[in-house]
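Only the coordinates and a few stated rules stand behind these numbers; no lab work does. Remember, predicted model here, so these are calculated numbers, not experimental data. With ideal geometry, Cβ positions are generated from the backbone for all residues, glycine too; neighbour counts draw on all protein chains shown.
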Amino acid sequence: MAKGSAAAGVLAVAALLLCSPAAAELTRLEHPAKNDGSLSLLVVGDWGRKGTYNQSRVAEQMGKVGEQLDIDFIVSTGDNFYENGLTGTDDQAFEQSFTDIYTAKSLQKPWYLVLGNHDYRGDALAQLSPVLQKIDSRFICMRSFIVNAEIVDFFFVDTTPFQRKYWTHPKDDHYDWRGVAPREKYLANLLKDLDEAMKKSTATWKIAVGHHTMRSVSDHGDTEELLQLLLPVLQANGVNFYINGHDHCLEHISSKDSPIQYFTSGGGSKAWRGVFQPNDDNLEFFYDGQGFMSLQLDHNQAEFTFYDVNGNVLYQYTRSSLRETSHLQPSGYLTEE
């Protein structure tokens, strides 16, 4: 972000925080780490297509990797049900795209999910309803919330309301803004809640999870509203990583102006092959096929690994809590054969 844009972003956030009412605490869930203090998880996004577009194949490999890593939970970066979310809590797509697909023993763990823009095009409240947990207890979806796993705090952020175009130019799409409108008040409250929660965090690692890209070289590119409003809050509170979906690819981009690293895991089903739009982001890795990501954490380091639809390791990145980094597998652009 240019200096002028960064300054404008800080001022915009400050204005929103000043005009918002007293912060309310975000829902905080506790998920204990392993006995040795470590944590393993998988991250998948943009997946809900009733098994098509290789969703079932990705799920199969997730099950195998999940068993190898003895994962503790799964994170979904949103767009959980295509094309237009769920029609209600009785929509069979819930089981057809989730329960009946992610059947491996290792995946019978909690799934922590955020909503994506496609989820907002249906009955968004259905995915937030406890009724779905009665159908499949793994499914834990809220707008914005925190998962504390001792060594790490995950801050799940509802990013869809940030994008102005969904409000002003929805085209033929309908967005379910119940519980969100008016936008300005919702964002002001959310940013204040996040800021307060992040300031209180004493975890070794702080990770933000949202649906929309903050930095990307694929179809959607950088999201200006997130760079202007959300990024300053992450930077001010020492967040280490931002994880998202939205672009149907796998990518790692390093920050040019802070230690934050950006990871896209949006290859859970339909991929956008050949969609590569280089910009001035610091691209470390890009893959235009289907796949998912694992994350292994302890007090000393965080290791990110990207896998393709066949379970092959495409790329690894290790970050020390002392900020030493290493890359395994060549950095740069890979395309699906």
* CD proxy at 222 nm, helix term only [per DSSP H run n ≥ 4: -39500 (n - 2.57); per residue of the chain; nearest 500] -> -6500 deg cm²/dmol
* Structure fact -> XL table K34/K206; K165/K192; K171/K192; K165/K270; K34/K200; K105/K200; Cα-Cα > 25 Å flagged, in table order, is K171/K192; K105/K200
* To do: Could I have the simple spin-label model distance between W177 and Q277, label points 7 Å from Cα toward Cβ, reported in nm to one decimal?
  => 2.4 nm
* So what is the relative contact order of the chain, in percent, for Cα pairs below 8 Å that sit 6 or more residues apart? -> 20 percent
* Total charge dipole magnitude, the chain, about the Cα centre, Cβ charges on Lys, Arg, Asp, Glu only, Debye to nearest 20 -> 540 debye
* From a point 7 Å beyond the Cα of E196 in the direction of its Cβ, which residues of the range 25-52 have a backbone N at a distance under 11 Å? -> 25-27
* To do: From zero up to wherever the largest Cα-Cα distance of the range 3-334 sits, split into 20 Å bins and tell me the percent of pairs in each.
  => 34, 62, 4
* To do: Would you mind telling me the antiparallel percentage of the DSSP bridges in the chain, rounded to 5?
  => 55 percent
* Asked: Which of the trypsin sites (Lys or Arg not before Pro) found in the range 150-219 are loop residues per DSSP with 15 or fewer other Cβ atoms within 10 Å of their Cβ?
  -> K171, R178
